[in-house]
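Take a look at the structure below.
The values are calculated or read from the model by the stated rules, or taken from the named source; none is laboratory data. Quick caveat, the model's predicted, so the values are computed rather than measured. Cβ sites come from the backbone with ideal geometry, for glycine too, and all protein chains shown count toward neighbours. Please note that ligands, DNA and RNA were not included when accessible areas were found on the heavy atoms of the full protein model with its side chains. Shrake-Rupley method; radii C 1.70, N 1.55, O 1.52, S 1.80 Å.
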Amino acid sequence: MADEVKLFGVWGSPFSRRVEIALKLKGVNYEFFEEDLSNKSALLLKYNPIYKKVPTLVHNGKAIAESQIILEYIDETWKNSPILPKDPYERAQARFWARFIDEKLMPTLWKVFWGCEDHDKVKEEAKEHLETLENELKDKKFFGGETVGLVDIVGNFIAYWVPRIQEASGLVLLTEEKYPKLYQWSHEFENHGDVKVKLPPNDKLLAYIKSRLEGVSTSK
Amino acid sequence: MAEEVKLFGVWGSPFSRRVEIALKLKGVDYEYVEEDLSNKSPLLLKYNPVHKKVPAFVHNGKAIAESQVILEYIDETWKNSPILPKDPYGRAQARFWASFIDEKCLPALWKASWPCEDHEKVKDEAREHLKTLENELKDKKFFGGETVGLVDIVANFIAYWLPRIQKATGAELLTEEKYPKLYQWGHEFENHGVVKEKLPPSDKLIAFFKDRFESVSTSK
């Protein structure tokens, strides 16, 4: 019986791309539906009624929402090329750092780049979180060790989006001098054979970020 | 080789109690260390350097933080009385609802319990989330089905803390008329033989919330 895998996403969303990266790493074929978030499809609303967001994965008619939950589902369903370690303690560590990225690092980075109150304070917080992640990476090629794992995938925003937001805005936090390991890691990640085919086109993303930044500065 | 299991927690924290409930359900012996959050112990800071929070869980010298990460670790390490289903889709659904509770429900319920700006709007949001949970429960005894599972444990705040906050402050969010299934579930949960031994003493908790309510109300 053929597996039916559908993914509802948007080209520029790191969350959506996480799922695509995982599916590619495992060689899983899927049908991609590009959503217009200003005009969400009836199918998206049916498959993700609680949040109405991308990414939403549908496997043989069953829908799963929330990118980290989808990643765990993918890892448990397609067991080749695992993205989580086998050992419970290592798995806990991976989940801890994935959570840290989504709950601490990304929100502060987001606020810094798009503008917020107490900007200097938030910038200091973001730098602190980057430092924490830098220390966690140690001398590993990837957070997952020799291969791309859950934490690397969840860190895609840092590897690929952050440099482009920095280029577009002139606001630079992640530099080679301050965070050499993270910087090196982001190059390994974005050049990884399976990962790079599932990242948004550079120029298109830069242009999109630039236009959003202009919209933000003119509306203030 | 004897297992060494330690838990750093506080008596009144729902997050800390989640871990105690899971350990009790699986019959795992552990050493409990009560923390004073205004004067955190060096051990806590050593075992949870990133967040410096409770609960922090240490198994044979290896530390794990973040209650949901700890719960998954416990389930993978002690395989009796599972708190997550076996099948990947069922697991994804459980994780989804656990995530919904922590990211949407609890923040809204907490905010709505105390005086704040836009109080009606905040209360409406809280009620909406309770309704969503009510609908998800359907006719099940527990979110986990016949037995207490991850979602029930993560929802401990709703079953036990919320009614006591309501008693202490006069707030009325979770009522039997509006949410009959959730109300019934709350009773099943708090009276569950194993769970009830790992809940804070009722009077002590109510007194704690009364104190908080008084200081919050008088400081405005």
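Return yes when A:Glu90 is touching a residue at least 24 places away in the same chain (Cβ under 8 Å), open to solvent by 20 Å² or more (accessible area, probe 1.4 Å) and among the charged types (D, E, K, R) and no when it is not.
Considered against the rule, which asks whether it is touching a residue at least 24 places away in the same chain (Cβ under 8 Å), open to solvent by 20 Å² or more (accessible area, probe 1.4 Å) and among the charged types (D, E, K, R), A:Glu90 comes out as no.
Please give the number of the condition B:Val54 fails out of (1) in a loop (DSSP other than H, G, I, E, B); (2) without any contact (Cβ under 8 Å) to a residue 24 or more places away in the chain; (3) within 19 Å of the chain's Cα centre (by Cα).
(2)
Hey, could you check the stretch B:28-48 for residues that are surrounded by 15 or more Cβ atoms within 10 Å (Cβ to Cβ) and part of a helix (DSSP H, G or I) and say which is nearest to the other protein chains (Cβ to nearest Cβ)?
Selected residue: B:Tyr47.
In this structure, is B:Gly61 surrounded by fewer than 17 Cβ atoms within 10 Å (Cβ to Cβ) and in contact (Cβ under 8 Å) with a residue 24 or more places away in the chain?
Against the criterion (surrounded by fewer than 17 Cβ atoms within 10 Å (Cβ to Cβ) and in contact (Cβ under 8 Å) with a residue 24 or more places away in the chain), B:Gly61 qualifies.
Yes/no matrix, rows are residues, columns are (1) farther than 20 Å from B:Val194 by Cβ; (2) in a helix (DSSP H, G or I); (3) free of Cβ contacts under 8 Å to residues at least 24 places away in the same chain:
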site: B:Glu3; (1), (2), (3): no, no, no
site: B:Glu20; (1), (2), (3): no, yes, no
site: B:Val50; (1), (2), (3): yes, no, yes
site: B:Val69; (1), (2), (3): yes, yes, yes
site: B:Ile74; (1), (2), (3): no, yes, no
site: B:Ile83; (1), (2), (3): no, no, no
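Show me the helices (runs of 4 or more DSSP H) entirely contained within the stretch A:163-220 in which 1 or more residues are more than 24 Å from A:Lys24 (Cα to Cα) and among the aliphatic types (A, V, I, L, M).
A:202-218
So which residues in the stretch A:173-220 are at pLDDT 95 or above, surrounded by fewer than 13 Cβ atoms within 10 Å (Cβ to Cβ) and acidic (Asp, Glu)?
A:Glu176, A:Glu177, A:Asp203
Would a scan of the stretch A:61-78 turn up a residue that is open to solvent by 60 Å² or more (accessible area, probe 1.4 Å), part of a loop (DSSP other than H, G, I, E, B) and not assigned by TED's automatic domain parsing to the domain that holds A:Leu133?
No, the stretch A:61-78 contains no residue that is open to solvent by 60 Å² or more (accessible area, probe 1.4 Å), part of a loop (DSSP other than H, G, I, E, B) and not assigned by TED's automatic domain parsing to the domain that holds A:Leu133.
Looking at A:Lys53, A:Lys121 in this structure, which one is assigned to a helix (DSSP H, G or I) and modelled with pLDDT of 95 or more?
A:Lys121
Which residue is surrounded by the fewest Cβ atoms within 10 Å (Cβ to Cβ), if the candidates are limited to the stretch A:4-49 and must be under 18 Å from the mean Cα position of the chain (by Cα) and small (Gly, Ala, Ser)?
A:Gly12
Of the numbered conditions (1) more than 14 Å from chain A (Cβ to nearest Cβ); (2) closer than 17 Å to B:Tyr183 by Cβ; (3) not acidic (Asp, Glu), B:Thr132 satisfies every one except a single condition; which is it?
If we test B:Thr132 against (1) more than 14 Å from chain A (Cβ to nearest Cβ); (2) closer than 17 Å to B:Tyr183 by Cβ; (3) not acidic (Asp, Glu), just (1) comes out false.
Among the residues of the stretch A:144-156, are any within 14 Å of chain B (Cβ to nearest Cβ), open to solvent by 10 Å² or more (accessible area, probe 1.4 Å) and of a type in the set (Ser, Thr, Tyr)?
Checked the stretch A:144-156: no residue is within 14 Å of chain B (Cβ to nearest Cβ), open to solvent by 10 Å² or more (accessible area, probe 1.4 Å) and of a type in the set (Ser, Thr, Tyr).
Considering only the stretch B:136-173, state which residues are under 13 Å from B:Ile101 (Cα atoms) and assigned to a loop (DSSP other than H, G, I, E, B).
If the condition is that a residue be under 13 Å from B:Ile101 (Cα atoms) and assigned to a loop (DSSP other than H, G, I, E, B), then B:Phe143, B:Ala155 are the ones that fit.
Kindly evaluate A:Ala126 against the criterion of being facing chain B (nearest Cβ under 9 Å), assigned to a helix (DSSP H, G or I) and either open to solvent by 70 Å² or more (accessible area, probe 1.4 Å) or farther than 24 Å from A:Leu23 by Cβ (or both).
For A:Ala126, the condition - facing chain B (nearest Cβ under 9 Å), assigned to a helix (DSSP H, G or I) and either open to solvent by 70 Å² or more (accessible area, probe 1.4 Å) or farther than 24 Å from A:Leu23 by Cβ (or both) - is not met.
If a residue must be under 18 Å from A:Lys111 (Cβ atoms) and in a loop (DSSP other than H, G, I, E, B), how many such residues does the stretch A:131-154 contain?
0
Being aromatic (Phe, Trp, Tyr) and open to solvent by less than 20 Å² (accessible area, probe 1.4 Å) is the filter here, so list the residues in the stretch A:50-60 that pass it.
Once the filter is applied, which keeps residues that are aromatic (Phe, Trp, Tyr) and open to solvent by less than 20 Å² (accessible area, probe 1.4 Å), the stretch A:50-60 yields nothing.
If you check A:Ile101 against the conditions, is it in contact with a Gly (Cβ under 8 Å, 6 or more places away or on another chain) and not assigned by TED's automatic domain parsing to the domain that holds A:Glu66?
Here the answer is yes, as A:Ile101 does meet what is asked.
I'd like to know if the stretch A:53-68 contains one or more residues that are among the polar types (S, T, N, Q), within 13 Å of A:Val151 (Cα to Cα) and within 9 Å of chain B (Cβ to nearest Cβ).
yes
Looking at the stretch B:85-98, is at least one residue under 19 Å from B:Gly27 (Cα atoms), more than 9 Å from chain A (Cβ to nearest Cβ) and touching a residue at least 40 places away in the same chain (Cβ under 8 Å)?
Yes, the stretch B:85-98 has at least one match.
Please indicate, with yes or no, whether at least one residue in the stretch A:85-108 is touching a helix residue (DSSP H, G or I) at 6+ places or on another chain (Cβ under 8 Å), away from chain B (no Cβ under 14 Å) and in a loop (DSSP other than H, G, I, E, B).
For the stretch A:85-108, residues touching a helix residue (DSSP H, G or I) at 6+ places or on another chain (Cβ under 8 Å), away from chain B (no Cβ under 14 Å) and in a loop (DSSP other than H, G, I, E, B): absent.
Hey, among the residues in the stretch B:174-210 that are open to solvent by 50 Å² or more (accessible area, probe 1.4 Å), in contact with a helix residue (DSSP H, G or I) (Cβ under 9 Å, 6 or more places away or on another chain) and outside any helix (DSSP H, G or I), which one's nearest to B:Glu20 (Cα to Cα)?
This residue is B:Glu176.
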